[in-house]
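Q: The structure that follows is given in the form of structure tokens.
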Amino acid sequence: MPVFYVSSRLLRFVVIALAVAAAPLHAQGPRPADLEALLPTLSGVERARVLARLVDAYRLDRPAQAITYGTQALEQLARTPDSAASVLTLSEMGWAYMQLSRFDEAVASADSARRLAERTGQRRGQARAISNLGTIAQRRGDPERAVALFRDALVIQRSLGDEREIANSLNNLGFVYSTDLADYPQALAQHLEALKLREKGGDSATISLSLNNIGVVYGRLRQYDHATQYFNRALTIRRALGNQARIGGTLNNLGDMYLERGNPKRALTAYAEALAIREKSGDPAAISTSHRTLALTYLALGDTVRAERAMALAEEKGLGLEDKGLLVGNLLARSSLARARGLAAVAQQSAERALEVARGMGSRELTRRSLETLSAAQEAAQSNLAALKSLQRAKAVSDSIYNETTTRRIASLETRYAEEKRAKELAAMRRDQAESDLRAARQASQRNAVIAIAVILGLLGLVAYRRRIEHARIAEQLSITDPLTEAKNRRYVEQTITADIAVSTRKHLQAAQRGLKPEEADIVFLLLDIDKFKEINDKHGHAVGDQVLKEVARVLRETCRQSDVVVRWGGEEFLVIDRFTDRSLAAMHAERLRSAVESQVIRINGEMAVRVTCSVGYAAFPFNEADPEADSWMQVIALADHAAYIAKRGGRNRSAGVATRLSAPARAAGAITTAMVSSWLENGTLLLEDDVARGRAATPLPFNQRVGR
């Protein structure tokens with residue numbers, strides 16, 4: 001019997017060929033390098049299918065190579081037809097053409113894929129081609145058509161139950177809503193739904209895409225810390241996967257955040273790395289964007305010579321491209337650079353052209369930016385009336401984007417996503433524990449392998465323990481609710497307060513420009529400290545103390561408006577956040593809260609009745625209405641805390657608030673100490689309101705006289 005020797009290389013080809021033949025064309029399969037190595041061994045339709053997969057693999061990082069492979073695939077498919085391979089090839093060649101800004105060819109290719117898929121009944125391929133046409137429309141500056149196409153694709157994908165492609169369409173919709181239409185709650189809703197599906201599927205590449213695009217939303221909302229966290233998470237995954245085009249995009253996004261936060265040196269590092277990656281991919285729009293962001297960074301560093309060089313390269317790379325968003329960005333950067341060089345006429349002309357294109361696109365975000373840049377250019381040209389009108393129009397657009405409804409919807413979406421994720425983690429913990437218990441019971445019944453069972457149980461116990469610890473850590477991290485009182489916790493405040501503060505600050509600044517007093521623009525922080533809580537614990541036990549905390553939290557929720565937030569701030573302290581109110585009502589609300597707690601009879605086990613009182617301190621943001629950005633929200637809470645201490649020092653069961661005089665001298669920045677507050681009260685920098693609603697005379701003790709809380 002003859003013996004056959006098979007080389008390891010040939011065996012590898014056989015394995016890969018079998019994998020390619022068995023897998024659907026749209027599924028993930030062997031690595032591109034393995035597929036390329038296989039090509040010389042293939043012919044006919046098998047070769048065309050591998051070429052189609054290579055088009056899909058290279059459309060992002062190596063679009064020119066993807067088109068070369070696609071051309072070869074179509075030539076082969078003309079001789080040995082395969083409709084599925086043809087649809088994939090045409091659809092993803094459309095994307096590759098788009099990457100190279102060859103938009104007419106991109107539309108023709110993707111539309112051919114759509115028509116072929118529709119004719120041959122390939123609904124999955126049809127949806128993908130429609131989705132690619134949507135992305136091309138968005139890049140060409142037609143966001144409304146892009147949304148319509150993405151929704152058409154989504155209808156097909158939902159009917160097929162294709163969660164991977166559903167997530168892709170949701171992601172695309174979210175990107176258009178955030179980048180062009182400035183509908184940030186809608187954008188975040190789409191991205192969070194996509195992220196949930198992608199986390200369920202466990203695909204790291206698509207998870208990183210959702211994380212990156214959620215970062216874009218928070219960047220647009222000017223929540224730069226939040227945005228940077230999402231970008232860094234996306235970048236970590238993308239570096240591990242080696243997806244160069246995506247790495248470049250996230251690096252550029254991080255550079256934007258650093259530049260917005262006033263750190264041009266760090267932005268320069270991120271932008272330079274992004275440019276190096278993008279130059280290798282050959283995507284002219286991405287390269288133009290990188291040169292433009294470098295120009296703005298050099299401008300921020302005061303280096304107008306290098307800024308001018310970078311801007312010239314940006315305009316050269318973007319010349320002739322149909323990417324209208326890129327054109328607007330370059331025009332706005334040119335306007336800023338011309339203004340810095342004293343070329344007011346050029347600055348104004350560039351900004352006017354940008355505004356014209358942005359309006360034609362229907363992009364609210366680009367329209368707002370164009371109007372702001374135009375106003376600055378008109379001011380530089382000493383056209384002050386025109387500058388004022390442009391700024392007013394920019395503010396009107398900005399108000400339509402950033403408003404209280406937006407803030408509430410964003411906070412609600414964040415909360416719902418975090419709570420759903422926490423519930424899933426807890427459910428997974430319970431399933432893991434149940435499975436561990438079942439395994440232990442089965443193993444215990446196997447009496448003939450006692451030693452082996454003991455070892456297995458020990459290992460399983462260790463794994464289960466580590467898993468429980470990890471799940472508990474994640475659940476705790478995600479939790480935004482105090483488990484005892486069901487009030488919100490500090491993490492919730494840190495996640496949501498930034499947007500409220502931004503709205504409040506903007507309202508005050510806008511009102512000041514018009515010489516008006518803003519309406520419902522204040523955020524009042526009320527800090528409540530339960531009086532003599534330690535005595536309750538010492539006398540009745542901690543179980544009674546816990547019941548008191550629960551009841552006080554309930555009373556506060558029932559007393560507050562639905563839009564207000566009740567927070568367990570720590571120990572026996574609660575923070576109530578009056579959102580978008582008038583500071584003149586703060587004393588009244590403080591007294592209402594104090595009175596509600598005082599009048600509540602707390603019954604323990606139906607027998608014991610406990611009454612408690614509280615001391616309330618309050619302060620409003622912005623603390624200084626003449627300079628809304630002078631104090632942070634944490635500083636205002638610190639002032640409210642000091643006011644609560646004054647109320648407690650004055651006899652407990654009282655309320656007190658602090659405010660500032662409009663003409664008061666500037667206060668020191670940083671942490672606020674007891675000594676500082678005492679000094680400011682004495683020199684008149686701060687005003688004290690003490691039990692105004694109850695008409696008590698203010699009889700404060702010396703400020704440094706401490707009392708027990």
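Q: Could you grab the pairs with beta carbons closer than 8 Å, sequence gap of 6+ or different chains, first residue in the range 570-592 and farther than 17 Å from Thr485 by Cα and in contact (Cβ under 8 Å) with a residue 40 or more places away in the chain, second one among the small types (Gly, Ala, Ser) and in a helix (DSSP H, G or I)?
A: Partner pairs satisfying both residue conditions: Asp578/Ala586; Phe580/Ser504.
Q: Which residue is farthest from Lys488 (Cα to Cα), if the candidates are limited to the range 535-573 and must be basic (Lys, Arg) and assigned to a helix (DSSP H, G or I)? So that I can check it myself, show each step before the final result.
A: As a first pass, look at the range 535-573 and keep what is basic (Lys, Arg): 539, 550, 554, 557, 561, 568.
When the remaining residues are screened for being assigned to a helix (DSSP H, G or I), the result is 539, 550, 554, 557.
Numbers: Lys539: 28, Lys550: 12, Arg554: 12, Arg557: 11 Å.
Across the range 535-573, the extreme among qualifying residues is Lys539.
Q: Six or more apart or on different chains, Cβ atoms under 8 Å: show the pairs whose first residue is in the range 492-512 and closer than 19 Å to Lys395 by Cβ and in a helix (DSSP H, G or I) and whose second is open to solvent by less than 20 Å² (accessible area, probe 1.4 Å) and of a type in the set (Asp, Glu).
A: Between residues of the range 492-512 that are closer than 19 Å to Lys395 by Cβ and in a helix (DSSP H, G or I) and residues that are open to solvent by less than 20 Å² (accessible area, probe 1.4 Å) and of a type in the set (Asp, Glu), the close pairs are Ser504/Asp522.
Q: Output the qualifying pairs, or none if there are none: Cβ atoms under 6 angstrom, residues six or more apart or on different chains, first residue in the range 262-286 and within 18 Å of Leu301 (Cα to Cα) and among the hydrophobic types (A, V, I, L, M, F, W, C), second residue open to solvent by less than 20 Å² (accessible area, probe 1.4 Å) and part of a helix (DSSP H, G or I).
A: Hits for this filter: Ala267/Gly255; Ala267/Thr297; Leu268/Thr297; Ala270/Leu251; Ala270/Leu254; Ala270/Gly255.
Q: If I ask for residues that are surrounded by fewer than 18 Cβ atoms within 10 Å (Cβ to Cβ), assigned to a helix (DSSP H, G or I) and touching a helix residue (DSSP H, G or I) at 6+ places or on another chain (Cβ under 6 Å), which ones from the range 245-268 would you list?
A: Correct list: Glu260, Arg266.
Q: Could you please let me know if Glu520 is in contact (Cβ under 8 Å) with a residue 24 or more places away in the chain, among the charged types (D, E, K, R) and either part of a helix (DSSP H, G or I) or in contact with a Cys (Cβ under 7 Å, 6 or more places away or on another chain) (or both)?
A: So Glu520 fails the test.
Q: Counting just the residues of the range 87-110 that are closer than 17 Å to Gly125 by Cα and open to solvent by 20 Å² or more (accessible area, probe 1.4 Å), which one comes out modelled with the lowest pLDDT?
A: By that ranking, first place goes to Trp95.
Q: What tally of residues in the range 473-502 results from selecting those that are aliphatic (A, V, I, L, M), at pLDDT 85 or above and in contact with a helix residue (DSSP H, G or I) (Cβ under 7 Å, 6 or more places away or on another chain)?
A: Residues that pass the stated criteria total 4.
Q: Working carefully through the options Val576, Val597, find the one that is within 24 Å of Gly650 (Cα to Cα), touching a strand residue (DSSP E or B) at 6+ places or on another chain (Cβ under 9 Å) and either open to solvent by 20 Å² or more (accessible area, probe 1.4 Å) or part of a helix (DSSP H, G or I) (or both).
A: Val597
Q: State all residues of the range 535-573 that are among the small types (Gly, Ala, Ser) and surrounded by 16 or more Cβ atoms within 10 Å (Cβ to Cβ); if no residue qualifies, say none.
A: Gly545, Ala553
Q: Still on this structure, please answer the following. Of Pro81, Pro30, Pro24, which residue is modelled with pLDDT of 90 or more, surrounded by fewer than 22 Cβ atoms within 10 Å (Cβ to Cβ) and outside any helix (DSSP H, G or I)?
A: Details: Pro30 fails: modelled with pLDDT of 90 or more; Pro24 fails: modelled with pLDDT of 90 or more.
After ruling out the rest, the residue left standing is Pro81.
Q: Take the residues in the range 159-189 that are part of a loop (DSSP other than H, G, I, E, B), of a type in the set (D, E, K, R) and open to solvent by 20 Å² or more (accessible area, probe 1.4 Å), then tell me which one is nearest to Arg220 (Cα to Cα).
A: Going through the qualifying residues, I end up with Asp183.
Q: Go over the candidates Ala698, Ala644, Ala693 one by one and state the one that is at pLDDT below 80, hydrophobic (A, V, I, L, M, F, W, C) and within 23 Å of Phe621 (Cβ to Cβ).
A: On the way: Ala698 fails: within 23 Å of Phe621 (Cβ to Cβ); Ala644 fails: at pLDDT below 80.
Being at pLDDT below 80, hydrophobic (A, V, I, L, M, F, W, C) and within 23 Å of Phe621 (Cβ to Cβ) holds for just one of Ala698, Ala644, Ala693, which is Ala693.
Q: What's the number of the condition Leu639 fails, among (1) without any contact (Cβ under 8 Å) to a residue 12 or more places away in the chain; (2) outside any strand (DSSP E or B)?
A: (1)
Q: Taking the stated definitions as given, is Ala57 assigned to a helix (DSSP H, G or I) and either at pLDDT 80 or above or in contact with a helix residue (DSSP H, G or I) (Cβ under 8 Å, 6 or more places away or on another chain) (or both)?
A: Numbers: assigned to a helix (DSSP H, G or I): yes; either at pLDDT 80 or above or in contact with a helix residue (DSSP H, G or I) (Cβ under 8 Å, 6 or more places away or on another chain) (or both): yes.
The answer is yes for Ala57.
Q: When you go through Ala300, Ala276, Ala295 one by one, which is the residue that is more than 22 Å from the chain's Cα centre (by Cα), surrounded by 22 or more Cβ atoms within 10 Å (Cβ to Cβ), over 24 Å from Ile214 (Cβ atoms) and small (Gly, Ala, Ser)?
A: Ala295
Q: Conditions first: (1) open to solvent by 20 Å² or more (accessible area, probe 1.4 Å); (2) at pLDDT below 90; (3) not hydrophobic (A, V, I, L, M, F, W, C). Arg649 passes all but one, so which condition is the exception?
A: (1)
Q: Checking the conditions here, which among Val357, Val346 is surrounded by fewer than 22 Cβ atoms within 10 Å (Cβ to Cβ), in contact with a helix residue (DSSP H, G or I) (Cβ under 6 Å, 6 or more places away or on another chain) and closer than 25 Å to Val176 by Cα?
A: That would be Val357, the only listed residue that is surrounded by fewer than 22 Cβ atoms within 10 Å (Cβ to Cβ), in contact with a helix residue (DSSP H, G or I) (Cβ under 6 Å, 6 or more places away or on another chain) and closer than 25 Å to Val176 by Cα.
Q: If only one of Ala73, Ala137 is buried (at least 19 other Cβ atoms within 10 Å of the Cβ), at negative phi, touching a residue at least 24 places away in the same chain (Cβ under 8 Å) and in contact with a helix residue (DSSP H, G or I) (Cβ under 7 Å, 6 or more places away or on another chain), which one is it? Show your work before the answer.
A: On the way: Ala137 fails: touching a residue at least 24 places away in the same chain (Cβ under 8 Å).
Step by step, each of Ala73, Ala137 is checked, and only Ala73 is buried (at least 19 other Cβ atoms within 10 Å of the Cβ), at negative phi, touching a residue at least 24 places away in the same chain (Cβ under 8 Å) and in contact with a helix residue (DSSP H, G or I) (Cβ under 7 Å, 6 or more places away or on another chain).
Q: Thr120 is checked against (1) at pLDDT below 90; (2) farther than 22 Å from Ala286 by Cβ and fails just one. What number does that condition carry?
A: With (1) at pLDDT below 90; (2) farther than 22 Å from Ala286 by Cβ applied to Thr120, the lone miss is (1).
Q: Separate question: I'd like to know if the range 624-632 contains one or more residues that are modelled with pLDDT under 75, of a type outside the set (D, E, K, R) and more than 22 Å from Leu593 (Cα to Cα).
A: Scanning the range 624-632, I find no residue that is modelled with pLDDT under 75, of a type outside the set (D, E, K, R) and more than 22 Å from Leu593 (Cα to Cα), so the answer is no.
The values are calculated or read from the model by the stated rules, or taken from the named source; none is laboratory data. Source: prediction; values computed, not measured. Neighbour counts run over all protein chains shown; Cβ positions are idealised from the backbone, glycine included. We work out accessible area using only protein heavy atoms, side chains counted, and drop any ligands, DNA or RNA first. Shrake-Rupley method; radii C 1.70, N 1.55, O 1.52, S 1.80 Å.
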